[in-house]
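The values are calculated or read from the model by the stated rules, or taken from the named source; none is laboratory data. Keep in mind the model is a prediction, meaning the values are calculated, not measured. Cβ placement follows ideal geometry from the backbone for every residue including glycine, while neighbour counts extend to all protein chains displayed. Accessible surface is based on the protein model in full, side chains and every heavy atom, while ligands, DNA and RNA are left aside. Shrake-Rupley method; radii C 1.70, N 1.55, O 1.52, S 1.80 Å.
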Amino acid sequence: MTFRGKVSVLVVSGVIAVYAVVGGMLSPWTRAQQPINDSTAQMKIFESVLKHIQNDYVDEPNLEKVRYGALRGLVGGLDPYSSYLTPDQVKEISSNKSSNKVGVGAEFSQVSLYLYVVSVVKGSNAEKAGLKTGDVVEYIENKATRDISLYDAKQLINGEPGTAVNLRILRAGEKPQTIKVTRGSYKTPPVESRMESGKVGVIKVYSLENGEANDIKTQISNLTKQGAEKIVLDLRGVATGNLDEGVSAANLFIRSGEIAKIIGKDGAVKKSFTADPSKAVYDGKLVVLIDLGTAGAAEAVASAILDRKRGDVVGERSFGAGTEQRLFTLRGGDGILLTVAKWASATGVPFLGEDRQSTGIKPSVEVKRPETPAAIEVDEMIDQQQQKEQDPQASPTPATPKTKPVVLEDIQLKKAIEILQDKAQAAKAG
């Protein structure tokens, strides 16, 4: 087979990301001459690297193995939710067959290549084991998460009900620890509501999966019957759900205008969601609570409240998520799962940004809880912990002796209620 013939089996769309993976093998002068987004120039780099591998590598190269590595690098340079899939993974995802495997009750993403805990479901095995929002999972058993995709990491965490998985956790301000979590099914708590003083009703949401918007509607009705004239919608820790349900939830409080969008390639609007006046049920004063565990559909609600000027959003910048993927099967039976669309606000700003400053929803009133993990980059935290590196296969860290939990004041909710109060009442309260 000619060299070009061998190259042809390695070529897939999107080769521009290869430069980030193999650029170090080329001279600085060569890298400087190549336009970053010129696909033809990037293809030449790709072919040059393959030629070096074929002609200069000490052993006979296994081009199939090289291809797998190249494809993982290509897709891994995009976003956490795009992934290279093996032939077996493609078969599994294409079969649409239900699996007996279950998770641990936590929502994960990827930050600085490491597995990251976005949110933990109340009452789940993950919460019972001590997993927290903001935790970095350095190892799943003895597998370093920085070396695998988010898709692969989730597959390692999921398993048969009743089995356990060891997660080595890095947490800001604490020593590394290994947490053993039992896999099992869990039920997301239903929407809750309660009355606070000053005719303020509080609605606590735990998910935005199908049916949750209707439950929120029911709680609005219950609160208004109890005399509520102002509402706090608590979306802290809500990281699961679908965009349609998020739009439906927002529509309960918004009578007109756009609520959210789905943005495709080059910023093209694939779909726009507009409020239906007949579905709005509450026009009173409103404040929404968000935090680092708020992501996806819940961000659609928070952004709509801000964009339509329906009320304040109180708390901390949300995580930033909400994407749609499409599977592209390759000739070898393997495939690439590519992000083809992002969820965005009514103004067209995607919730998933390029960095922490551009991702998520920034609250109109920022209130940081003291128990929230320090704002520290994952890489910096990893560097700090490396001095106390432990064997990932070592026995789990002994559990910390249980002490009586300290009940901290919910300063975010307190601020939300203050905002909803009349100025005269707020002055008296202060």
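Classify the range 69-138 as rounded, prolate or oblate, taking a ≥ b ≥ c as the square roots of the eigenvalues of its Cα gyration tensor: rounded when a/c is under 1.5, otherwise prolate if a/b is larger than b/c and oblate if not. Oblate is the answer for the range 69-138, as a/c is 1.5 or above yet b/c matches or exceeds a/b. Note on the range 61-166: with neighbouring protein chains present and a 1.4 Å probe, carbon and sulfur make up 49 percent of its accessible heavy-atom surface. Residues whose amide H comes within less than 5 Å of that of THR323, counting only those at least five positions distant or on another chain, are TRP343 (H built at 1.01 Å from N in the peptide plane). Find how many whole Å separate the alpha carbon centroid of the range 147-179 from the alpha carbon centroid of the range 290-354. Distance between centres, Cα-based: 24 Å. For the range 196-202, 3J(HN,Hα) computed residue by residue from phi via the Karplus equation (6.51, -1.76, 1.60; θ = phi - 60°) reads 10, 5, x, 6, 9, x, 10 Hz, glycine and proline entered as x.
Could you tell me which GluC sites (Glu not before Pro) in the range 51-157 are loop residues by DSSP with no more than 14 other beta carbons within 10 angstrom of their beta carbon?
Those satisfying the criteria are GLU141.
Of the chymotrypsin sites (Phe, Trp or Tyr not before Pro) in the range 266-346, not one is in a loop by DSSP (not H, G, I, E or B) with at most 15 other beta carbons within 10 Å. Looking at the range 204-269, the GluC sites (Glu not before Pro) that sit in a DSSP loop and have at most 16 other Cβ atoms within 10 Å of their own Cβ are GLU209, GLU229.
In the structure displayed, which of LYS199/LYS285; LYS122/LYS180; LYS122/LYS415; LYS279/LYS342; LYS91/LYS154; LYS265/LYS309 lie more than 21 Å apart, Cα to Cα? Please list the in-between numbers first.
Values: LYS199/LYS285 11 Å; LYS122/LYS180 17 Å; LYS122/LYS415 23 Å; LYS279/LYS342 25 Å; LYS91/LYS154 17 Å; LYS265/LYS309 29 Å.
Pairs exceeding the cut-off: LYS122/LYS415; LYS279/LYS342; LYS265/LYS309.
Of all aspartates and glutamates in the structure, those lying under 12 Å Cα to Cα from LYS204, and not within fewer than 8 positions of it along the same chain, are GLU192, GLU212, ASP215, ASP234.
Can you work out the accessible area per residue across the range 193-322, with the rest of the protein chains kept in place, probe 1.4 Å, in square angstrom?
Values: 4780 Å² over 130 residues.
Computed with neighbouring chains in place, this is 37 Å² per residue.
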